[in-house]
2 protein chains.
Amino acid sequence: MCRNRLFLALLLACCGTGPLAAATPQQAALDAARAFRERHGAEVLAQLADLAAIPNVDGDRENIRRNADWLVGQLAARKVQSSLWTLGDSSPVVWGRLDVPGATRTLGLYVHYDGQPVDPAAWKSTAPFSPRLYDRALEAGGKPIPMPAPGATLDPEWRLYGRSTGDDKAPIPALLAALDALAAAGLSPTSNLRFLFEGEEEAGSTHLGDYFRAHRPELDEVDLWLILDGPVHQSRKPQLVFGVRGVVGLEITVYGATRPLHSGHYGNWAPNPAFELARLLATMKDAEDQVVIEGFYDSTVPPGPAERAALARLPVYDEELRRELGLATTEAAGALLAERLLLPSLNVRGLSAAQTGQRAANVIPAVAVASLDLRLVKGNDPEKMLDTVEAHVRRQGFHVVRTDPDAATRAAHGRIAKIVRQPGYPAARTAMDLPILAPVVAAATAAAGAPPLLVPSLGGSLPLYLFTELLAKPTVIVPIANHDDNQHAADENLRVANLLAGIDLFAALLAMP
Amino acid sequence: MCRNRLFLALLLACCGTGPLAAATPQQAALDAARAFRERHGAEVLAQLADLAAIPNVDGDRENIRRNADWLVGQLAARKVQSSLWTLGDSSPVVWGRLDVPGATRTLGLYVHYDGQPVDPAAWKSTAPFSPRLYDRALEAGGKPIPMPAPGATLDPEWRLYGRSTGDDKAPIPALLAALDALAAAGLSPTSNLRFLFEGEEEAGSTHLGDYFRAHRPELDEVDLWLILDGPVHQSRKPQLVFGVRGVVGLEITVYGATRPLHSGHYGNWAPNPAFELARLLATMKDAEDQVVIEGFYDSTVPPGPAERAALARLPVYDEELRRELGLATTEAAGALLAERLLLPSLNVRGLSAAQTGQRAANVIPAVAVASLDLRLVKGNDPEKMLDTVEAHVRRQGFHVVRTDPDAATRAAHGRIAKIVRQPGYPAARTAMDLPILAPVVAAATAAAGAPPLLVPSLGGSLPLYLFTELLAKPTVIVPIANHDDNQHAADENLRVANLLAGIDLFAALLAMP
């Protein structure tokens, strides 16, 4: 009846407050998203469960490929021109393009489809790749429930457990639902869209730079990258994040005898590598939890006035978080979390030597292993940070090797540490006052009904420096997962409220003026 | 032709050097053992493989019972009056008695048939309970070979790999072979024999005292206990051992947050229990490897003049051992092994926190665990020694709990350590100059052709205090296993030469004057 959509929108903005009362294309998109998720929420949740059921640990080539094929199929079904980028043995990148007549801006939408390695024995909720719905969080006494039937109403406190339900498959069905919601309402995105699904993020994005160099012309079309990853703020408020910490890892192996020894026959005589490792680690931090490795903090660029101001506006949630995590105290005499994230960190992510628990035997272990990760901030070069740790290990009297020591090396050195460096990348940051970022903040405000928190840098790490440095484009992180999603650990989960809010947010972003 | 065996023996001792030239019953028994093992060595080895194929970890009730039934069957086949002692849910004791007309002495023969827990993933040679023969030690490039056919000649450097091939199933087929060898030669043991096979030694012999109290009259018939367990000296020379260290264990769990945390989002703020544990362990020993826990050495009774003299006669094998084990240095600035075994030891037998290696994820672990064992010497009470460790943990600022902390405990204490104490027992020692011990030393000398090493105390632990204190009987350890048998660890093995020497030794002991 009425062919002029803009006219209709303006008309309705003046006269109505009902479901059709959309004042702007963005408001229309938001209304469409809400209507869509109320009718099809159960199907969106089922789609996340289907996707999370495909194992996605880097190196599992067959299943990684199944994930990529699933994504290509979903994009094609929505008339997005999609392709699979491959490079040697690396996990493929799924690339999609959707051009919108008249659009003057090209939005890049990044998600990663790979997940952290899993330790199935540690999962209490379900097997890592058998997603299972609970009526609330396990810690709150959640019980498993059946998946809802199509059309059913979702309880926002339900949680879907399974690897990558939070990090980082959650945005995928939410984004597809936002596209579907717009299409169902006869709306189009207001920007050209480029989809980039990476398959090696949890392994350190080792090939993303190569992919970028190989597909530079297509990538250069993008004006602004939205990184759909990470959790919302611990207060459950939405946030936009303008930077990330870098990350790098290493593993230290300390050697005792060539074989495990009977602790009775050799105890007090043969060196114990578990003790040696404990002593070594203990030298790395002081009683106030400061890293005392020489030069560790030297390259750190302290936050500037703009970042300090943004930080000062963030809610302080430390006490609530402390209680929720069962901690009586935190590091550095209770310094604020937001402050602590501005420093590089040294984290022992794992220890092992022989066995503990029921399988413990009375042996002097042959080796003891500590796996460490370092989170990096602006100014920290990954390799140079590892250099400071390695120099510290040498200063403690260890001979450092790259492979297991041979007999001659063992004969020559009393203390031997193998240090294996792992790939990493530096921190990255986008200036918070760029004009192109204003509609993003407005879209998030419209979707949530309140302004999002604006965070200069996330504590976590993403290969954002490839976007900000290599592609030289502004980049903002748009997270939807709950902060208590156990990402990187056992019993990873997504809270249903966060999935639903993600649909609204993505619809608003697709329709931003 | 000649009915007087003694006369014949004396005659042959004067006139002959051939295979029948046995000067004494003991020499006849030794000749019989050598002839038997040359003809039946392959069958003895096969019998050890059969026995080692029965899983024997305490708590695996069905298989433990299969071991006990196997032993009862073997004793019965040799006309030893055998019975199964049971006590509640404990692993049964197999008891056997063989009275010899005219014997004036009753020998007790102790072996344990249970083994240490296994970590199948750590075994390179074979599955722990699928014994496999190698042409030499794995470390020397050994390759698997088929079991020899009956009657085949054995290579003394072959090794049979499998849990308990060394500790402590090896003496069982050797003892049975010694009985068979005597019987085949028409000889009788010179002592009444009592066989005692325990099934809970590796679990700390928690019920052996109760068994002793329940069967006291039978046990009181024994004049001298021979403990068939442990390895020979590191120089591969036979040894007799007159004491053992005690042992006790504990496990320390240090707590972080209630769940593993993303190291990016929480690193530098949430306490890391792996670091806390490393710091705690590092406070327990000084740079000279002395335990600096208050009171740790206070109860230790130093060795007396007789023990010092015996120790001074022992060969010093430290340098060879150091080289064999790939160690450039040893603890306490190279103090002698024999000296170090006279002190109580504090050993970290296992460490764990989250994951290392390929499964490491970037998390702050929720807990970190150290499993420790203490070896005890004369004077050390197990519980009091654990008290010193626990008091030390408290002095480092930890609130000590017995079970996982609840929310109120977590809220009240910044540092929490769960300490779980494990059962243990004290050290024991028999005076080396008792007359009843002289024929034992003579038998070992006859079997090996040279005097054995006489060791005041083994570094390892056995429940010997139950024999020396509860039963109040002299007790000597008669080991046959190779020192490099990887006991208590992966790839446990028995060297064939040690099995064969064991047959000779046991035959000489069964026939001692």
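The values are calculated or read from the model by the stated rules, or taken from the named source; none is laboratory data. Since the structure is predicted, the reported quantities are computational estimates derived from the model, not experimental observations. So basically every Cβ, Gly included, is an ideal-geometry build from the backbone, and we count neighbours across all protein chains shown. Quick note on the areas: whole protein, heavy atoms, side chains included, nothing else; ligands and nucleic acids left out. Shrake-Rupley method; radii C 1.70, N 1.55, O 1.52, S 1.80 Å.
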When region B:457-475 is examined, which residues are found to be crowded, with 24+ Cβ neighbours inside 10 Å and β-branched (Val, Ile, Thr)?
B:THR475
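Evaluate region B:491-501: report whether one residue or more is in contact with a strand residue (DSSP E or B) (Cβ under 9 Å, 6 or more places away or on another chain), open to solvent by less than 50 Å² (accessible area, probe 1.4 Å) and among the β-branched types (Val, Ile, Thr).
yes
Do we have A:ALA427 as over 26 Å from the mean Cα position of the chain (by Cα) and within 13 Å of another protein chain (Cβ to nearest Cβ) here? Before you say what the answer is, go through the steps one by one.
Details: over 26 Å from the mean Cα position of the chain (by Cα): no; within 13 Å of another protein chain (Cβ to nearest Cβ): yes.
Here the answer is no, as A:ALA427 does not meet what is asked.
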Count - residues of region B:475-507 that are in contact with a Phe, Trp or Tyr (Cβ under 7 Å, 6 or more places away or on another chain), part of a strand (DSSP E or B) and within 14 Å of chain A (Cβ to nearest Cβ):
1
The one condition B:ASP387 fails out of (1) surrounded by 14 or more Cβ atoms within 10 Å (Cβ to Cβ); (2) more than 11 Å from chain A (Cβ to nearest Cβ) is (1)
Number of the exception - B:SER91 against (1) touching an Asp or Glu at 6+ places or on another chain (Cβ under 6 Å); (2) free of Cβ contacts under 8 Å to residues at least 60 places away in the same chain; (3) not β-branched (Val, Ile, Thr):
(2)
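Out of the residues in region A:112-122 that are assigned to a loop (DSSP other than H, G, I, E, B) and not acidic (Asp, Glu), which is farthest from A:ASP229 (Cα to Cα)?
Kept after step one, since they are assigned to a loop (DSSP other than H, G, I, E, B), are these residues of region A:112-122: A:113-114, A:116-119.
From the residues that got through so far, the ones that are not acidic (Asp, Glu) too are A:113, A:116-118.
Details: A:TYR113: 10, A:GLN116: 14, A:PRO117: 18, A:VAL118: 19 Å.
If we take residues in region A:112-122 being assigned to a loop (DSSP other than H, G, I, E, B) and not acidic (Asp, Glu), then A:VAL118 is farthest from A:ASP229 (Cα to Cα).
Could you look through region B:98-111, keep only residues that are outside any loop (DSSP other than H, G, I, E, B) and touching a Ser or Thr at 6+ places or on another chain (Cβ under 8 Å), and pick out the one that is farthest from B:ALA174 (Cα to Cα)? Even if it seems obvious, please write down each step before you answer.
Here is the first cut: in region B:98-111, the residues outside any loop (DSSP other than H, G, I, E, B) are B:98, B:106-111.
Add one more test, that the residue is touching a Ser or Thr at 6+ places or on another chain (Cβ under 8 Å), and what stays is B:106-107.
Numbers: B:THR106: 20, B:LEU107: 17 Å.
Among them, the one singled out is B:THR106.
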Residue satisfying all of: in region A:357-369; under 18 Å from A:ILE419 (Cβ atoms) and within 7 Å of chain B (Cβ to nearest Cβ); surrounded by the most Cβ atoms within 10 Å (Cβ to Cβ) among these:
A:ALA368
Working carefully through the options B:GLU294, B:GLU276, find the one that is within 30 Å of B:ALA366 (Cα to Cα), surrounded by fewer than 18 Cβ atoms within 10 Å (Cβ to Cβ) and modelled with pLDDT of 95 or more.
B:GLU294
Quick test of your reading of the structure: A:PRO120 fulfils all but one of (1) in contact (Cβ under 8 Å) with a residue 40 or more places away in the chain; (2) within 25 Å of A:ALA46 (Cβ to Cβ); (3) open to solvent by 10 Å² or more (accessible area, probe 1.4 Å). Name the failing condition by number.
(1)
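Going through region B:47-72 one residue at a time, which ones are of a type in the set (Gly, Ala, Ser), modelled with pLDDT of 95 or more and either outside any helix (DSSP H, G or I) or open to solvent by 40 Å² or more (accessible area, probe 1.4 Å) (or both)? Spell out the reasoning first.
Kept after step one, since they are of a type in the set (Gly, Ala, Ser), are these residues of region B:47-72: B:49, B:52-53, B:59, B:68.
Those still in the list that are modelled with pLDDT of 95 or more too: B:49, B:52-53, B:68.
Listed by number, the list holds a single entry, B:ALA53.
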Of the criteria (1) open to solvent by 20 Å² or more (accessible area, probe 1.4 Å); (2) touching a residue at least 40 places away in the same chain (Cβ under 8 Å), which one A:LEU376 fails:
(1)
Run down A:ALA472, A:ALA443 and say which single residue is part of a loop (DSSP other than H, G, I, E, B) and either within 30 Å of A:ASP155 (Cβ to Cβ) or more than 14 Å from every other protein chain (Cβ to nearest Cβ) (or both).
A:ALA472
Counted residues in region B:332-356 being within 7 Å of chain A (Cβ to nearest Cβ), open to solvent by 20 Å² or more (accessible area, probe 1.4 Å), outside any loop (DSSP other than H, G, I, E, B) and modelled with pLDDT under 95 come to 0
